[in-house]
Amino acid sequence: MQMIIRESRQTDEHDIAEVIMACHWESPVADHELLALRWIRQFIVTEPQNCYVLEHPDTRKVVGYIVCATDTIAYESEFDKTYFPKLKSRFDELEAQAFEYLEENRKLLLFTRIHETGINLANYPAHLHINILPAYQRSGYGSMLLSAYEENLRKRRVPGYHLGTAAGNTKGLSFYNKHSLDLLHTTYEDGKPAISILGKRL
Ligand SMILES: CC(C)(COP(=O)(O)OP(=O)(O)OC[C@H]1O[C@@H](n2cnc3c(N)ncnc32)[C@H](O)[C@@H]1OP(=O)(O)O)[C@@H](O)C(=O)NCCC(=O)NCCS
């Protein structure tokens with residue numbers, strides 16, 4: 001099938017949230033607003049020209065995406081100032097409403113700030129998140145999105161990028177290995193590897 005790869009738009013937010021939910025939750029219980037505040041909105045509002053979506057040509061639905069911040073230090077500073085407070089207050093709102101799936105959503109509040117890991121952000125200043133709906137995985141679309149992303153960063157003279165993934169995400173790690181990313185850092189929880197941070201110089 002001839003899928004469309006195009007730059008993101010703010011109207012893609014809903015579909016992207018559905019893709020994240022399908023890839024990372026066992027059932028559709030994640031709150032869309034929390035997903036948007038944590039993983040989507042800042043990227044597609046701040047730099048839509050550096051984010052790409054995979055659009056189905058018949059349904060026009062977004063079935064995969066890659067979002068990007070070209071300058072992670074600036075991204076994290078803006079996230080802490082603007083988006084994290086909103087994320088926290090959305091979570092508090094759900095808690096006050098005794099939202100049925102509160103515990104499943106709590107993980108959206110927990111994350112490592114990249115600038116605290118000690119990786120050399122001068123070499124890998126950009127970062128990305130990528131997901132493809134299960135029905136469209138392993139068909140070359142992730143590779144197509146990653147190539148569009150890398151080409152764009154090269155054009156913009158960005159020297160490298162990094163990303164974080166669960167240390168147990170074997171299919172993701174295999175994908176990144178195929179695309180020549182190196183392991184830069186591992187975070188641990190209770191003595192066990194939790195997050196692998198990978199990077200690539202361009
Ligand atoms: C990881 C992901 C983005 C890769 O995109 P994709 O379109 O599936 O990958 P491609 O078809 O371009 O590349 C295929 C390669 O990716 C890896 N891969 C993708 N799906 C896989 C699967 N189900 N099992 C094992 N390896 C897989 C393999 O290395 C595979 O190469 P192979 O078929 O020669 O073994 C996509 O599978 C995905 O969204 N997975 C679920 C969520 C996720 O892990 N996101 C990344 C979090 S950081």
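Can Ile114 be described as surrounded by 19 or more Cβ atoms within 10 Å (Cβ to Cβ), within 17 Å of Gln42 (Cβ to Cβ) and touching an Asp or Glu at 6+ places or on another chain (Cβ under 7 Å)? Reasoning before the result, please.
Working: surrounded by 19 or more Cβ atoms within 10 Å (Cβ to Cβ): yes; within 17 Å of Gln42 (Cβ to Cβ): yes; touching an Asp or Glu at 6+ places or on another chain (Cβ under 7 Å): yes.
Judged against the criteria, Ile114 is a match.
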Inset, instruction - Would you mind listing the helices (runs of 4 or more DSSP H) fully within segment 101-202 where at least 1 residues are away from the ligand (no atom under 16 Å from the Cβ)? - result: 102-106, 141-155
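Which members of segment 33-61 meet the condition of being part of a loop (DSSP other than H, G, I, E, B) and either buried (at least 17 other Cβ atoms within 10 Å of the Cβ) or out of contact with any helix residue (DSSP H, G or I) (no Cβ under 6 Å at 6 or more places or on another chain) (or both)?
We begin by selecting, within segment 33-61, every residue part of a loop (DSSP other than H, G, I, E, B); these are 47, 51, 56-61.
Selection gives Glu47, Cys51, His56, Pro57, Asp58, Thr59, Arg60.
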Inset, instruction - Give me the pairs, please: first residue somewhere in segment 14-31 and touching a residue at least 12 places away in the same chain (Cβ under 8 Å) and in a helix (DSSP H, G or I), second residue anywhere and charged (D, E, K, R) and surrounded by fewer than 20 Cβ atoms within 10 Å (Cβ to Cβ), beta-carbon distance under 7 Å, and either six or more positions apart or on two chains. - result: Asp15/Lys61
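Answer yes or no as to whether Arg6 is under 25 Å from Arg156 (Cβ atoms), in a strand (DSSP E or B) and away from the ligand (no atom under 13 Å from the Cβ). Please lay out each step first, then the result.
Numbers: under 25 Å from Arg156 (Cβ atoms): yes; in a strand (DSSP E or B): yes; away from the ligand (no atom under 13 Å from the Cβ): yes.
Yes: the conditions hold for Arg6.
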Inset, instruction - May I ask you to list the residues in segment 1-59 that are more than 27 Å from Glu100 (Cβ to Cβ) and small (Gly, Ala, Ser)? - result: Ser8
Inset, instruction - Assess whether Ala122 counts as being of a type in the set (Gly, Ala, Ser) and either out of contact with any helix residue (DSSP H, G or I) (no Cβ under 9 Å at 6 or more places or on another chain) or under 22 Å from Ala36 (Cβ atoms) (or both). - result: yes
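Can you go through Arg60, Arg9 and tell me which one is of a type in the set (D, E, K, R) and either in contact with a Gly (Cβ under 8 Å, 6 or more places away or on another chain) or at positive phi (or both)?
On the way: Arg9 fails: either in contact with a Gly (Cβ under 8 Å, 6 or more places away or on another chain) or at positive phi (or both).
From the options Arg60, Arg9, the qualifying one is Arg60.
Coordinate-derived values only; no laboratory data. Computed from a prediction, not measured in an experiment: that's the story for all the values here. Here Cβ is always computed from backbone atoms with ideal geometry, including for glycine, and neighbour counts include all displayed protein chains.
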